[in-house]
Amino acid sequence: MKKLLIVESPTKSRTISQYLKGVKVIASFGHIKDLPTSRLGVDIENEFTPKYRIIKGKEKVVKEIKKNAKDADEVYLGTDPDREGEAIAYHISQEIKNDNIKRVLMYEMTKDGVQEAFNNSGSIDYKRVNSQMARRILDRLVGYKVSPILWKVIRRGLSAGRVQSVALRFICEREEVIESFKPKEYWVVMGVFMSDKKEFTLNLSKIDNKKPEISSEKIYQEIKDKMLKEAFSVLGVKSSEVKKRPPPPYITSSLQQDASRFLNFSAKQTMATAQRLFEGVELGEKGQVGLITYMRTDAVRVSEKAKKEAKSYIKDKFGTEFIPEKPYVYKSKASSQGAHEAIRPTSVGRNPDAVKQYLKSNEYRLYKLIWKRFLASQMAEARYKVISLKIKGGRFLFQGESRKIVFSGYRKVFSEREEEVKELPLLKKGEDVQIKEIKGEQKFTQPKSRYTEGTLIKELEAKGIGRPSTYAPIVSTILDRGYIKKEKGYLYPLELGRKVNKILVEKFPEIFNEKFTAQIEKELDEVETGKKEWKKVIEDFFLPFSKKLKDVEENIAVLKKNFEQPTGEKCPVCGAPLVIKEGRYGKFISCSRYPECKYRKPLDEEVLDEKCPVCGAPLIIKRGRYGKFIACSRYPKCKYTKPYSLGIKCSNCDGEILERVSKKGKVYYPCSNPECKEVYWYKPVPVKCEKCGHPFMLLKKYKGKEYLECPECKYRKKYP
């Protein structure tokens, strides 16, 4: 009997092929169908029926799948066990002609995991397919209906997203709070006390049973003088042992947050690396093995088999005292999928250092983080000796707490940094203490920090926005669109992003807000569980949405005028006011009567000393689709142009190095000589290398700091 298994990834297919003898495994290379890119692709008049098409370039893949399916007696669809994977499986099933199709849900790429999934195959979950389809249709309706409004008001090529625009709103609103924040002065007061030659420090916590409000140095000095005259004694003392449970194993959001915090990974980088660890890594003689379980999950459940393996490992490596008295039960969110497990190593016995030689640097670092977190989640609690102390003198109450670890427990494997606190003395209630010194520290209130990728994902998860498979695309999309930038780990809104956000929030406040977006996510979950019908969810959304669209489109001229910035100059062609507009390649000055009058000129154009060889007019630097170029200032009457050169000679020939922009928007620096293949992806700077004399060096950046590197000998130096 011929059996065929279809998965998305070639890597996954190679891993699985080792475990299923007699089964042919092929890959679909991701989705094979999607909505068309050139039009809406949703029949609104016919109950929002989607018009899926074979993705351009996937025709050969689909043809190969059909051919193999036709020759097979049984076809198994082993795409990822989530909504996207279910949609891929459904679309494949539509294309192949075979009545014996089964669905396989594989949560780990190991021999046992694959064979167990294969032996317990089922059918396609159409409720999950409908949930994914509803999300795709909703996103398409928002994107294709709202984006043209942004084109008319700002410029063509912009886009709005149902979920991404809410994330953009969070970032813009946080920036507004930071910009409007006015810091206030306050003072932190500490008392240094003595008892039996033991010195300890406590913080001032109350004055007259109220929280102290010390807003200036003058007030601090007045309070300090009064404190030094008081007699202090112990008001209360408490010694206890406190236990701290380990954190649960990772889910998608917490993995992305910790990878951002500890490894400086972007969410996109984290998920791409985790995908490789899940699909399989070549481990020498052991072949290709999946190192972690499925990485898109919001459940913290762990299988009994994994728990037993972890318990045995902990006992052998650390001793029985590191095994918890009772197994922990971590609670998942009510909306989480019960069949999923937390993200964990497929075998805890596969120590990160044992497989390090087979992994790339990022794979090793992420695997080590996942391995440590899972192992810690199955270990005993950490125990601390805690001493709480209160000292009072007159109106002033000082207090503090010290923690000393008495048993490391799970911290032996996984621990975050904790501030060192000097152990407080165990005094007696009523005991007199001597005040030795009063210290005051001036501080100022700080606004909330800007979001990092990790904290933004944490906020989205807390508000119920997005799901495990969407967190990374949400952040990467608004970065790629140029709405925000990432600098030293923090996310800043750009001017373009603020303009887009202003339009969306002002004109569609009911849609681009956290409560509405979270409600849609909840309804999509209900579609997956069969509680709601997918067409009803879209209909309830689209009716008020279409009315709002109509209102906005009727007032588009007014909205457009509000976003135009007058220059105070008159158009030399028709006399109408000139305004600053946003174009695909930056800002420019245009006639306010456009398109009736098509006069336009660059904003702050750079005039060169050179003259046009055709007409004698000054040459200027302009920006086009493929970057900067030099043109005649009398354009379009004179159409003379030439490439923009950095003025640096190519080290390979007699040509000069140019500055260009690729189709994907990446700046690069090729040689002007078409026969020379020299290309640099970092900006050449006219500084000679001190080591080898190379005529220029390259300007690079690492962790926000710029430096120069020689392209010949790789010598580096600080910049500037």
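Which one, Ser332, Val302, Gly349, is farthest towards the positive end of the dipole of region 299-400 when Lys and Arg carry +1 and Asp and Glu -1 on their Cβ?
Ser332
At 1.4 Å probe size, with every protein chain present, just tell me what the per residue accessible area of region 170-227 comes to in Å².
65 Å²
With charges set only on the Cβ (+1 for Lys and Arg, -1 for Asp and Glu), what does the dipole of the chain come to about its Cα centre, in debye to the nearest 20?
840 debye
Probe 1.4 Å, all protein chains in place: accessible area of Asp551 in Å², nearest 10?
Asp551 exposes around 80 Å² with every protein chain in place.
Mind checking the dipole of region 317-398: about its Cα centre, +1 per Lys or Arg Cβ, -1 per Asp or Glu Cβ, Debye to the nearest 20?
460 debye
Expected output is a single nm value to one decimal: the length gained when fully extending between Asp480 and Cys653, i.e. 0.36 nm times separation in residues minus the C-alpha distance. What is it?
Numbers: separation 173, 0.36 × 173 = 62.28 nm, distance 3.55 nm.
That works out to 58.7 nm of additional length.
Ordered by packing density, taken as the mean number of other Cβ atoms within 10 Å over each peptide's residues, highest first, how do 319-329, 678-688 rank?
678-688, 319-329
Scan (1) 1.20; (2) 1.01; (3) 1.08 for the value of Cα Rg over 2.2 N^0.38 Å calculated from this model and give just the label.
Calculated Cα Rg over 2.2 N^0.38 Å: the matching label is (1).
If you count, for each residue, the other Cβ atoms within 10 Å and average over each peptide, how do 201-210, 379-388 line up from highest to lowest?
The densest-packed peptide leads the list: 379-388, 201-210.
Could you work out [θ]222 nm for the chain from helices alone, using -39500 (n - 2.57) per DSSP H run of at least four and dividing by all its residues? Round to the nearest 500 deg cm²/dmol.
Estimated from H runs of four or more residues: -10500 deg cm²/dmol.
Name the residue farthest towards the positive end of the dipole of the chain from the options Thr270, Ile214, Gly393, assuming +1 on Cβ of Lys and Arg, -1 on Cβ of Asp and Glu, about the Cα centre.
Of the options given, the answer is Thr270.
To the nearest 0.05, how large is the calculated FRET efficiency for Glu116 and Asn555 if R₀ is 56 Å and r is the Cβ-Cβ distance?
According to the calculation, E is roughly 0.40.
Given the peptides 297-305, 79-87, arrange them by the average over their residues of other C-beta atoms within 10 Å, most packed first.
79-87, 297-305
If DNA, RNA and ligands are ignored and the probe is 1.4 Å, what is the ranking of Tyr715, Tyr76, Tyr635 by accessible area, most exposed first?
Tyr635, Tyr715, Tyr76
I'd like the accessible area for Lys705, computed on protein heavy atoms only with a 1.4 Å probe and all protein chains in place. Round to 10 Å², please.
Looks like 150 Å² after rounding.
In what order, largest first, do Trp151, Trp534 sit by accessible area if the probe radius is 1.4 Å?
Reading off the accessible areas and sorting them downward yields Trp151, Trp534.
For Lys238, give me every one of the aspartates and glutamates with a C-alpha distance below 12 angstrom, ignoring sequence neighbours fewer than eight places off in its own chain.
Within the straight-line cut-off, Lys238 pairs with Glu401.
Can you give the accessible area per residue of region 478-607, in Å², using a 1.4 Å probe?
58 Å²
Using a 1.4 Å probe over the heavy atoms of the protein chains, calculate the carbon and sulfur portion of the accessible area of the chain as a whole percent.
48 percent
Counting alpha carbon pairs within less than 8 Å and at least 6 residues apart, what relative contact order, in whole percent, applies to the chain?
Relative CO of the chain lands at 12 percent.
To the nearest 20 Debye, how big is the dipole of region 1-159 about its Cα centre, given +1 on the beta carbon of each Lys and Arg and -1 on that of each Asp and Glu? Mind showing how you got there, number by number?
Numbers: 31 positive and 21 negative charges, 153 e Å.
Dipole of region 1-159, to the nearest 20 debye: 740 debye.
In the structure shown, do any of Lys502/Lys601; Lys152/Lys522; Lys628/Lys663; Lys502/Lys581; Lys211/Lys404 have a Cα-Cα gap over 23 Å, and if so which?
Beyond 23 Å between Cα atoms: Lys502/Lys601; Lys152/Lys522; Lys211/Lys404.
Which whole-number percentage describes the relative contact order of region 420-547, with Cα contacts under 8 Å and a sequence gap of 6 or more?
That works out to 19 percent.
Keeping all protein chains in place and using 1.4 angstrom, which order do Tyr719, Tyr702, Tyr483 fall into by accessible surface area, from largest down?
Tyr702, Tyr719, Tyr483
If one computes the Cα centroid of region 80-153 and of region 447-522, what distance in Å separates the two points?
What the calculation gives is 25 Å, centre to centre.
The values are calculated or read from the model by the stated rules, or taken from the named source; none is laboratory data. None of these values were measured; they are calculated from a predicted model. Note: ideal-geometry Cβ built from the backbone for every residue, glycine included; neighbour counts use all protein chains shown. To get the accessible areas, we keep the full protein, side chains included, count just its heavy atoms, and leave off ligands, DNA and RNA. Shrake-Rupley method; radii C 1.70, N 1.55, O 1.52, S 1.80 Å.
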